[in-house]
Structures are given as C-alpha cells and as structure tokens.
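Structure first, then comments.
What follows is calculated from the coordinates using simple rules that are stated; it is not laboratory data. Because the structure is predicted, anything quoted here is derived from the model rather than measured. No Cβ is skipped: glycine too gets one built from the backbone with ideal geometry, and neighbour counts run over all protein chains shown.
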Amino acid sequence: MRRSPSIVPHGADRDTYLVPNDFGRLGRAWCETDEEGTDRETLIRRLLEDQFSHPVRIIAFNTAEGWSRNVTVDRADELRRRFAEYDEVPRSVQEFLETAVRR
C-alpha cells in the first residue's frame with residue numbers, strides 16, 4: 001500500500017512557528033516558508049524585516065512534545081523588547097502589536 005508523505009517537519013524535536021497573513025479580499029493564508037525558516041529567531045527577524053504584510057497571529061507547535069499553541073502575545077512582547085536593535089520598526093509589525101495587545 002502506498003503511503004502519503006509526512007507533513008511533520010524533519011527535526012521535529014524543536015518548536016516550529018507559523019504565521020497566518022491577512023491578504024485582504026483574498027482572505028487569510030499561512031505564509032509559505034522553508035523548513036529552516038520556522039524557528040523563533042528567524043520568525044522575529046523576518047517580522048522585523050517586514051516580510052509579512054499583515055500578520056494575524058503566531059502559532060507554535062512541537063510534534064515531538066505533542067503540543068501547539070497561540071504564542072502571539074509572547075512573541076509580541078519579544079518584538080517590543082528588540083525594538084532597540086532596529087532603526088525603524090515596519091508598519092506591519094506596529095499594526096500587529098496593536099492587535100496583539102487586545103488579545
């Protein structure tokens with residue numbers, strides 16, 4: 001019997017972060033990224049480099065440990081702490097932080 005390929009990422013023993021983005025009239029979708037780009041540091045860097053136009057939330061999961069959760073508020077707090085490292089904070093991040101506060 002033929003088996004479908006696994007959707008579990010290689011190296012599943014680490015936390016993986018995904019960001020759904022709001023594309024307006026087109027709706028919301030998970031932003032495509034390579035497997036190496038799903039760690040916390042890369043996520044924060046990509047947000048601050050304005051690689052997401054309208055991030056909605058941040059979801060983390062770890063298949064080896066068997067959990068998933070909405071980590072939007074935690075990552076928003078981390079973004080605020082890192083502002084000093086950047087000359088300018090993208091508007092998309094500012095808007096994301098405003099909505100994260102209301103959660």
How high is the relative contact order of the range 10-90, in percent, counting Cα pairs under 8 Å that sit 6 or more residues apart? 33 percent
Report, in degrees rounded to the nearest 10, the 0 to 90 angle that the Cα long axis of helix 72-82 makes with the longest principal axis of the chain. 50 degrees
Once fully extended, how much extra length lies between residue 30 and residue 69, figured as 0.36 nm per residue of separation less the alpha-carbon to alpha-carbon distance? 12.5 nm
Given 72-85, 20-33, 47-60, the highest-first ranking by average Cβ count within 10 Å works out to 47-60, 72-85, 20-33
In debye, nearest 20, what is the charge dipole magnitude of the range 16-101 about its Cα centre with +1 on Lys and Arg Cβ and -1 on Asp and Glu Cβ, if you could check? 380 debye
Report ³J(HN,Hα) in whole Hz for each residue of the range 56-70, in order, from the Karplus equation J = 6.51 cos²θ - 1.76 cosθ + 1.60 where θ = phi - 60°; Gly and Pro get x. 9, 7, 10, 10, 10, 8, 9, 5, 5, 8, x, 9, 8, 7, 7
